[in-house]
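To start, the structure under review is shown below, and the notes come after it.
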Amino acid sequence: MNKPNPCEAVEEKLSAYLDDELTQQEQQRIYLHIQQCPECSALLQELESMRTDVKDALLTSVDARDLPTILNDQPARWLSWIGWSLFALGFLLVGGFFVWELSRELLTDTGTPWWLRLGVAGLYLGLAVLFLSVLRQRIVARKTDKYKKVNL
Ligand SMILES: [Zn+2]
């Protein structure tokens, strides 16, 4: 009659015991009980492996959830690639035109003060460098995405 009672109390607190949520005294009491009670010891092991399973299942489901997103993302990837290509083409054409216009103006228009011409040149050059840095970041991000996909 004495035996089921401590086991019942231990079983109720096994979950909290695993989480380390009990007082030190309770933790100690349950630890001692498990040492000498094969049933509760087996129960604890079962609970522990169940938790590991749940953790694994959660991790697996995250991967499984990501997979369709990545597959569905392919058109968006292409659109983004086309968009960036068009943008780069437009930028090169417009930028090239501006650079050509600018250098012509800088060479021929002596009416503009030199510091203003320098400022305009710096403005366009800065914009070009910023654009290139963004483009480079995009390319690097794309490469990283590819690696991620390979890892899956
Ligand atoms: Zn027990």
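Since every read-out is calculated from the coordinates, none of them should be taken as a lab result. The shown structure was predicted, so the numbers you read here are calculated from the model rather than taken from an experiment. Because the Cβ atoms are built from the backbone with ideal geometry, glycine has one as well, and the counts that use them run over all protein chains shown.
Computed from label points 7 Å out along Cα-Cβ, the spacing between GLU12 and GLN45 is 2.7 nm. Suppose R0 equals 25 Å. What FRET efficiency, 1/(1 + (r/R0)^6) with r the Cβ-Cβ distance, do LEU125 and ALA88 give to the nearest 0.05? So, using R0 = 25 Å, E works out to roughly 0.90. Rounded to two decimals, the Cα radius of gyration of region 6-56 over 2.2 N^0.38 Å is 1.09. Using θ = phi - 60° in the Karplus curve 6.51 cos²θ - 1.76 cosθ + 1.60, the 3J(HN,Hα) couplings for region 12-29 round to 4, 9, 4, 4, 5, 4, 5, 7, 6, 9, 8, 5, 4, 5, 5, 4, 5, 4 Hz; x is entered for Gly and Pro. The loop-placed GluC sites (Glu not before Pro) in region 1-44, going by DSSP, that have at most 16 neighbouring Cβ atoms within 10 Å of their Cβ come out as GLU21.
Spin-label model, ASP20/LEU116: points 7 Å from Cα along the beta carbon direction are separated by 7.1 nm. Full extension of the chain segment joining TYR31 with VAL99 gains 16.7 nm, where the gain is 0.36 nm per residue of separation less the Cα-Cα distance.
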